[in-house]
Every structure is written in structure tokens, then in C-alpha cells.
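First up is the structure itself, then whatever we jot down about it.
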Amino acid sequence: MPRAAFFGLFPRSEEAVGSACEVARDVLLEPVEAAAESPGRWEERLEATIGALLETVREEPYLAGLCFVHAPFLLDASGPYDRAFMETFAGILQEILPKAKGYPLPRYSELAASGIVAIIARRLSGGEADLLGDLRGELTAVISIPYLRAEAEG
């Protein structure tokens with residue numbers, strides 16, 4: 001659909017952008033939510049979830065760019081990324097991360113989600129969406145460190 005026709009469907013341009021962001025968010029989160037519900041240990045589910053996001057961003061860089069690069073400027077958002085995406089993604093990570101003495105760390109899933117999305121946004125801005133798949137293992141390892149240490153001390 002041509003941009004002018006899309007914007008013509010809404011009384012204000014902010015509503016058009018908001019609607020586009022909502023669609024982009026749904027496309028990005030669907031495989032992430034499915035991966036989070038997959039069977040396996042928490043580490044496997046975490047890696048599958050991060051991998052699903054990275055793969056979806058690689059396949060849909062324009063939709064991801066809307067949520068992670070452009071939305072804050074277009075919507076005058078209070079944060080650097082689409083707020084609804086960040087809240088949902090952090091909640092998904094919170095559900096995956098193990099529950100143990102002193103864990104999950106307060107706000108750790110929010111920190112992890114923000115870090116992952118910051119890296120994605122930087123790669124998208126640099127036209128490097130095709131390189132995101134290489135980060136799956138590294139991002140999983142970094143996020144897992146405090147939990148693996150707690151399990152080892154356990």
C-alpha cells in the first residue's frame with residue numbers, strides 16, 4: 001500500500017504510525033512468544049527466544065526498524081524503543097529465567113531486554129541485520145551468567 005494511502009486512513013499521522021508500530025510489534029513478538037513456550041531447560045528456552053527475535057528481525061528489518069529505531073522519534077515516546085514491545089519482551093524473559101534464592105534479580109529481565117534491543121537497533125541502523133543471527137549464543141551466555149553462577153553455588 002502506498003504511504004499516502006495508508007496515512008489517509010487515519011485522522012492524524014501519529015495514529016497511522018502507532019497502528020504501524022502495533023502491527024510490527026505483533027509480527028516481532030509472535031515467534032518470540034512461541035519460542036518462549038517451547039519445551040526444554042530454561043537455558044534452551046532463553047536461547048530459542050533470543051534466536052527467534054534475531055531471526056525475525058533479520059527477516060523483517062523494516063518492521064523491526066520501526067519499533068527499535070524510528071518509533072521513538074515518530075511517536076515522541078518516553079524511551080528509546082517501542083514501550084509495549086519492551087514491556088512484553090521483558091515479561092517473556094522474566095518468565096523464562098529461573099526462580100532460585102535471590103533470583104530472578106529485580107529488573108534484570110528489563111535490563112536484558114534493553115541490552116538485546118539496543119544491539120539490534122545498532123545493527124539495524126548500520127544496515128547489518130543479516131549479521132544478527134551470529135549473536136544468539138553470545139547474548140544467551142551474557143544473560144545467563146548470574147543464573148548459572150547461582151545454580152553452581154546452589
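The values are calculated or read from the model by the stated rules, or taken from the named source; none is laboratory data. Only a predicted model underlies this, so the values are computations on that prediction, with no experimental measurement involved. Virtual Cβ from ideal backbone geometry, glycine too; neighbours counted across all protein chains shown.
Exactly one residue out of 13, 114 is among the polar types (S, T, N, Q), surrounded by fewer than 14 Cβ atoms within 10 Å (Cβ to Cβ) and at pLDDT below 95, and it is 13.
Can you tell me which residues in region 117-142 are in contact with a Phe, Trp or Tyr (Cβ under 8 Å, 6 or more places away or on another chain) and in contact (Cβ under 8 Å) with a residue 60 or more places away in the chain? Result: 120, 124. Considering 141, 90, the condition of being under 13 Å from the mean Cα position of the chain (by Cα), assigned to a helix (DSSP H, G or I) and at pLDDT 90 or above is satisfied by 90 alone.
Evaluate the following for residue 33: is it modelled with pLDDT of 95 or more and in a helix (DSSP H, G or I)? For residue 33, the condition - modelled with pLDDT of 95 or more and in a helix (DSSP H, G or I) - is met.
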